[in-house]
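**Student:** Before anything else, here's the structure in question.
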Amino acid sequence: MEYLLAYSHRRVPTALRPIDALANGGTIAAVAEASGMPPVRVQGIRSFYDQLHSPAEVRVCTGTSCHFARGASDLPAGAGEVRCLGHCYAAPALQRGDVTHDRIGANTPVPRRSLVDPPVVLRHVLGGPRSDDAACLPDGESILLHLESSGLRGRGGAAYPTAAKWRAARDAPGDIKYVVANGDEGDPGSYVDRLLLEEDPESILVGMLACARVTGGTHGIVYIREEYPEAQRRMKAAIAAWRHGRELQVEVVSGAGSYVCGEETALLRSIEGLRGEPWPKPPYPTTSGLWDRPTIVQNVETLVTVAQLAQSGHGARSKALSISGAVREPGVVEIRLGTSVREVLERGAGGEIPGRPWKMALIGGPMGRVLPVSLFDTPLSYGALPGMGHGGIVMLDDRVTPGALARHLFDFARAESCGNCTPCRVGTQRLAGCRDRSSLERLMETMSLGSLCGFGQGVPTPLRDLLQHFGDEVFNT
Ligand SMILES: Cc1cc2nc3c(=O)[nH]c(=O)nc-3n(C[C@H](O)[C@H](O)[C@H](O)COP(=O)(O)O)c2cc1C
Ligand code: SF4
């Protein structure tokens, strides 16, 4: 309590954050002493985050693209595991210290292209001219009107209307309000946010400033996963050069290795330096978020889109997707929402690799959707493919069986559940033990209905698709 009282009087979390103190080698006793927390609480924080309790110099990526690209080959002795390094386009990857090595080389740049002309999300990373976009932002009311008429939905997964969130935050009373950019990007198969954090951090800051203008935000925080050290460096450099700090002061806060910390309430707990466990909503962060103050959490790509849209009112139909797996030209592709999956794969990713016929696509990560090839004419849009999340596509060829994909998803769920609520904690442990359709369906029903956050509720989504499209192949392949 002493810690929380001391800490909550700070406006920005630069000091006293137990996660940072532990990551920098602080002992439990020293961190407990400095923070005023009981040692057992500090121990609870350390045990929550992979990089605090088992830091490893070499970490092998076990995300979906890397998992299937690596096949049965052995992992280096003594290496740790990490769920995704955001190098899915050149899988398999591993990280040694700060450097990520993939199939092509070290710190390989992300291939990128646009099917939209002119591009919106990728306009700067594709070389578009830079101007002081922040200086061109209109007043808050005009920005809100642009957002409302455009119908922009958040790009982080839940597809919630951005204008509605900002209006709620604007109307929430409070002298201090936080604008948080979510750069946690833990979903295997997604690396759009890493590209934007590394190559266009300025547009993220402009989007945050637009949010502050609408909502009355006073402090900005960019939360970036620790697996992205280069993104953290580049964002810090952009903040150092940021000329609008008087209107919105921004700082970077690092994750410490937890997938669930991408969920907005878990993320806020993590910024506070605590275990990243989600809380049941309400209260929503817009009224009671960081240190109980109104807080707007927005995905990195959403903010980059807002930076453009706030000025022109256009851009809400553009979406960047990460494409990896069995395609000729993996990379980040900007598309117009509503383009069919087939067209995206053919025009945006070079189509099928000769000799490796497509079997299915995992769209939107491990809580997203599975589409068999027969449904590739489905438009990629929130309406036509509900649950498509961030829309990143991992293409799987016919060497990957439905059973192999199911087992990979079971492993992911078991490893990443935060354990905070029973249906998810126990359910994710038991998924792999289900040997027939009806027992798996019963378990998934319990998880969807009873889990506290979108993780346990979402784990069944791709598994239901697998059952619907491939039936018993899920159990016998
Ligand atoms: C388990 C889980 C993980 C999530 N991970 C992320 C993430 O890495 N990045 C992100 O922007 N949103 C993530 N989200 C969604 C966030 O909770 C939140 O909806 C989003 O950051 C809001 O921003 P947006 O409206 O701009 O999408 C996750 C949600 C869940 C349930
Ligand atoms: S649903 Fe899973 S991840 Fe979410 S709070 Fe419950 S145990 Fe944690």
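Nothing in this text is a laboratory measurement; each read-out follows from the coordinates by a stated rule. Since the structure is predicted, the reported quantities are computational estimates derived from the model, not experimental observations. As a convention, Cβ positions derive from the backbone with ideal geometry for all residues, glycine included, and neighbour counts pool all protein chains shown.
**Student:** Please count how many residues of region 279-336 are without any contact (Cβ under 8 Å) to a residue 12 or more places away in the chain and within 12 Å of ligand 1 (Cβ to nearest atom).
**Tutor:** 0
**Student:** Can I ask one more? Considering only residues that are surrounded by fewer than 19 Cβ atoms within 10 Å (Cβ to Cβ) and in contact (Cβ under 8 Å) with a residue 40 or more places away in the chain, look in region 82-125 and name the one that is farthest from Gly262 (Cα to Cα).
**Tutor:** The extreme case among them is Leu115.
**Student:** Moving to a separate point now. Across region 415-455, which residue is surrounded by the fewest Cβ atoms within 10 Å (Cβ to Cβ) among those that are near ligand 2 (Cβ under 10 Å from one of its atoms) and of a type in the set (Val, Ile, Thr)?
**Tutor:** Across region 415-455, the extreme among qualifying residues is Thr422.
**Student:** Here's another thing I want to ask about it. Considering only region 336-357, how many residues are out of contact with any strand residue (DSSP E or B) (no Cβ under 6 Å at 6 or more places or on another chain) and in a strand (DSSP E or B)?
**Tutor:** 1
**Student:** Considering only helices (runs of 4 or more DSSP H) fully contained in region 402-477, which possess at least 3 residues that are within 16 Å of ligand 1 (Cβ to nearest atom)? I'd like the intermediate steps shown before the answer.
**Tutor:** Working: elements: 402-416, 422-430, 437-450, 454-458, 460-470, 473-476.
Hits in region 402-477: 402-416, 422-430, 437-450, 454-458, 460-470.
**Student:** Same structure, new question: Which pairs have Cβ atoms under 6 Å, sit 6 or more apart or on different chains, and link a residue in region 37-64 that is in a loop (DSSP other than H, G, I, E, B) to one that is not small (Gly, Ala, Ser)?
**Tutor:** Between residues of region 37-64 that are in a loop (DSSP other than H, G, I, E, B) and residues that are not small (Gly, Ala, Ser), the close pairs are Met37/Tyr3; Thr62/Glu81; Gly63/Arg83; Gly63/Cys84; Gly63/Pro188.
**Student:** Being out of contact with any Lys or Arg (no Cβ under 7 Å at 6 or more places or on another chain) and over 11 Å from Glu416 (Cα atoms) is the filter; apply it to region 251-264 and report the residue that is surrounded by the fewest Cβ atoms within 10 Å (Cβ to Cβ). Let's see the steps before the verdict.
**Tutor:** Taking region 251-264 and keeping what is out of contact with any Lys or Arg (no Cβ under 7 Å at 6 or more places or on another chain), we get 251, 253-254, 256-258, 260-264.
Right, trim to over 11 Å from Glu416 (Cα atoms) and you get 251, 253-254, 256, 262-264.
Values: Glu251: 14, Val253: 22, Ser254: 22, Ala256: 24, Gly262: 27, Glu263: 29, Glu264: 27.
Top of the filtered list is Glu251.
**Student:** Also: Of all residues in region 146-172, which are assigned to a helix (DSSP H, G or I) and loosely packed, with under 15 Cβ neighbours inside 10 Å? Spell out how you get there, then give the answer.
**Tutor:** Taking region 146-172 first, the residues assigned to a helix (DSSP H, G or I) are 146-150, 162-171.
Result: Ser149, Ala164, Asp171.
**Student:** I would also like to ask the following. Considering only region 35-60, how many residues are among the aliphatic types (A, V, I, L, M) and under 15 Å from Leu274 (Cβ atoms)?
**Tutor:** Looking only at that region, the number is 5.
**Student:** Let me ask something else. Residues to consider are Val116, Val121, Val82; find the one that is of a type in the set (A, V, I, L, M, F, W, C), in contact with a helix residue (DSSP H, G or I) (Cβ under 8 Å, 6 or more places away or on another chain) and closer than 20 Å to Ile393 by Cβ. Please lay out each step first, then the result.
**Tutor:** Working: Val116 fails: in contact with a helix residue (DSSP H, G or I) (Cβ under 8 Å, 6 or more places away or on another chain); Val82 fails: closer than 20 Å to Ile393 by Cβ.
None of the other options fit; the residue is Val121.
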